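Novice: Below is the structure I would like to discuss, written out as structure tokens.
The values are calculated or read from the model by the stated rules, or taken from the named source; none is laboratory data. Predicted model, so just to flag it, every value in this text is computed and none were measured. Quick reminder, even Gly has a Cβ in these numbers, built from the backbone with ideal geometry, and neighbours come from all protein chains shown.
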Amino acid sequence: MSVLVYTETENGKLKKTALEVASYAKGVADMLGTSLTAVTVNATDTAELGKYGVEKVLTVTNDKLNNFNAKAYADVLKQAAAKENSKVIVISSSANAKFLAPILAINLNAGYASNVVALPESESPFKVKRTAFTNKAFNITEISTDVKLVGLSKNAFGLKESDAAATTEDFTPELNEGDFSTEVTSVDKVTGKVTIADAEIVVSAGRGLKGPENWGMIEELADVLGAATACSKPVSDMGWRPHGEHVGQTGKPVAANLYIAVGISGAIQHLAGINASKVKVVINNDPEAPFFKAADYGVVGDAFEVVPQLIEKLKEFKANNA
């Protein structure tokens with residue numbers, strides 16, 4: 001028996017979230033006293049997984065799986081779980097994983113716990129700690145089914161090295177042609193930037209910037225920090241920024257280590273989507289803005305004065321510590 005972890009890739013390379021779920025799955029495997037097997041799809045290099053406790057890597061290579069397909073990927077993982085006799089399967093909480101999870105849970109007749117933030121304390125009962133109410137609270141959920149599916153919340157566990165001599169095995173699951181009834185002809189992706197999904201730091205801005213022509217300082221701040229850029233819903237609705245940058249309850253959820261909000265008042269829908277971020281900083285000239293109640297740090301001031309000064313200070317700090 002082996003704990004099974006699905007490690008996601010982007011353009012053949014392992015995502016940071018893949019290493020985090022591997023770290024978590026290693027903790028589960030140690031608790032259960034069993035081994036850890038990872039599944040990759042069209043990965044070009046899986047050697048790094050060994051650093052995080054993976055003992056065996058099942059590598060799936062098939063051009064039909066170049067574009068994510070929830071049904072097909074769920075079928076692949078079901079077959080991998082059967083091959084390894086896995087009773088615990090660990091996945092991430094990425095957008096793709098959230099599409100994948102319910103289908104996989106049905107395929108495996110498994111109980112599914114999403115947004116998990118800590119290791120289970122024991123094999124029986126198998127209880128996990130999860131976030132609830134848009135990250136305002138926690139609950140303890142017991143998974144009582146024979147097969148258990150765990151979705152790890154982003155940036156909840158971190159990367160924990162645990163060197164293992166990982167072996168690699170080619171795995172060729174049977175694909176159901178019916179899963180490919182919808183054909184993906186092209187995928188447009190942002191290139192040359194840190195994506196919101198992978199970012200540990202996110203710099204976001206709202207209507208307080210007054211227009212798209214003022215976004216240069218937000219992009220510069222993000223560049224200095226190695227961060228992704230984001231925006232509030234009104235900004236994307238007005239066409240100032242692409243909809244792919246819209247974060248919040250109705251946009252992309254953010255669980256960054258640091259979230260900086262510039263000129264965003266803090267509507268409840270926006271806060272619900274970014275509450276999982278560990279440290280929240282707000283810069284706003286309205287001291288009554290709701291965001292200040294949710295923020296860990298706040299600066300009351302004009303963004304057009306504060307942000308340029310912040311950029312200069314960060315540049316000086318980087319130069320002095322190079």
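Novice: Pairs needed: first member in the stretch 284-297, in the same structural domain as Ala272 (by TED's automatic domain parsing); second member anywhere, among the basic types (Lys, Arg) and part of a loop (DSSP other than H, G, I, E, B); C-beta distance under 9 Å; at least 6 residues apart or different chains.
Specialist: Asp296/Lys278
Novice: Ala205: surrounded by 13 or more Cβ atoms within 10 Å (Cβ to Cβ), at pLDDT 80 or above and not β-branched (Val, Ile, Thr), yes or no?
Specialist: yes
Novice: Give just the number: which of (1) buried (at least 19 other Cβ atoms within 10 Å of the Cβ); (2) touching a residue at least 60 places away in the same chain (Cβ under 8 Å); (3) assigned to a helix (DSSP H, G or I) does Pro308 not satisfy?
Specialist: Pro308 satisfies every listed condition except (1).
Novice: Can I ask one more? Could you grab the pairs with beta carbons closer than 8 Å, sequence gap of 6+ or different chains, first residue in the stretch 8-33 and among the aliphatic types (A, V, I, L, M), second one assigned to a helix (DSSP H, G or I) and surrounded by 21 or more Cβ atoms within 10 Å (Cβ to Cβ)?
Specialist: Leu14/Leu49; Ala18/Leu49; Leu19/Leu49; Ala22/Leu49
Novice: Working only within the stretch 267-280, note down all residues that are assigned to a loop (DSSP other than H, G, I, E, B) and farther than 9 Å from Ser232 by Cβ.
Specialist: Asn275, Ala276, Ser277, Lys278
Novice: Just checking, which of Ser144, Ser153, Ser186, Ser236 is modelled with pLDDT of 90 or more, among the hydroxyl-bearing types (Ser, Thr, Tyr) and not assigned by TED's automatic domain parsing to the domain that holds Thr59?
Specialist: Just one listed residue meets the conditions, Ser236.
Novice: Right, something else. Give just the number: which of (1) touching a residue at least 40 places away in the same chain (Cβ under 8 Å); (2) among the charged types (D, E, K, R); (3) within 28 Å of Asp63 (Cβ to Cβ) does Lys193 not satisfy?
Specialist: (1)
Novice: Here's a follow-up. What are the pairs with Cβ atoms under 8 angstrom where one residue, in the stretch 218-241, is closer than 13 Å to Ala205 by Cα and the other, located anywhere, is basic (Lys, Arg) and in a helix (DSSP H, G or I)? Sequence gap at least six, or different chains.
Specialist: Listed pairs, sorted by first residue: Ser232/Arg207; Pro234/Arg207; Val235/Arg207.
Novice: Which of the residues that make up the stretch 86-98 are within 21 Å of the chain's Cα centre (by Cα), surrounded by 19 or more Cβ atoms within 10 Å (Cβ to Cβ) and within 23 Å of Asn109 (Cβ to Cβ)?
Specialist: Val88, Ile89, Val90, Ile91, Ser92, Ser93, Ala97
Novice: State all residues of the stretch 254-266 that are assigned to a loop (DSSP other than H, G, I, E, B), touching a residue at least 40 places away in the same chain (Cβ under 8 Å) and within 13 Å of Ile283 (Cβ to Cβ); if no residue qualifies, say none.
Specialist: Gly263, Ile264, Ser265
Novice: Here's another thing I want to ask about it. For Thr17, work out the one condition from (1) more than 28 Å from Lys129 (Cβ to Cβ); (2) modelled with pLDDT under 95; (3) touching a helix residue (DSSP H, G or I) at 6+ places or on another chain (Cβ under 9 Å); (4) surrounded by 18 or more Cβ atoms within 10 Å (Cβ to Cβ) it doesn't fulfil.
Specialist: (1)
Novice: Here's another thing I want to ask about it. Checking Ser162 against (1) within 30 Å of Phe291 (Cα to Cα); (2) surrounded by 13 or more Cβ atoms within 10 Å (Cβ to Cβ): exactly one of these is not met. Which one?
Specialist: Evaluating Ser162 over (1) within 30 Å of Phe291 (Cα to Cα); (2) surrounded by 13 or more Cβ atoms within 10 Å (Cβ to Cβ) leaves (1) as the failure.
Novice: Taking the stretch 247-284 as the search range and keeping residues that are modelled with pLDDT under 95 and among the polar types (S, T, N, Q), which one is surrounded by the fewest Cβ atoms within 10 Å (Cβ to Cβ)?
Specialist: Looking at the filtered set, the residue picked out is Thr250.
One line per residue, one yes/no per condition, for (1) buried (at least 23 other Cβ atoms within 10 Å of the Cβ); (2) at pLDDT below 95:
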site: Val3; (1), (2): yes, no
site: Tyr24; (1), (2): yes, no
site: Thr59; (1), (2): no, no
site: Phe68; (1), (2): no, yes
site: Glu84; (1), (2): no, no
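Novice: Counting only residues that are farther than 12 Å from Val116 by Cα and more than 19 Å from the chain's Cα centre (by Cα), give me the strands (runs of 3 or more DSSP E) lying completely in the stretch 127-184 with at least 2 of them.
Specialist: In the stretch 127-184, the matching strands (runs of 3 or more DSSP E) lie at 167-170.
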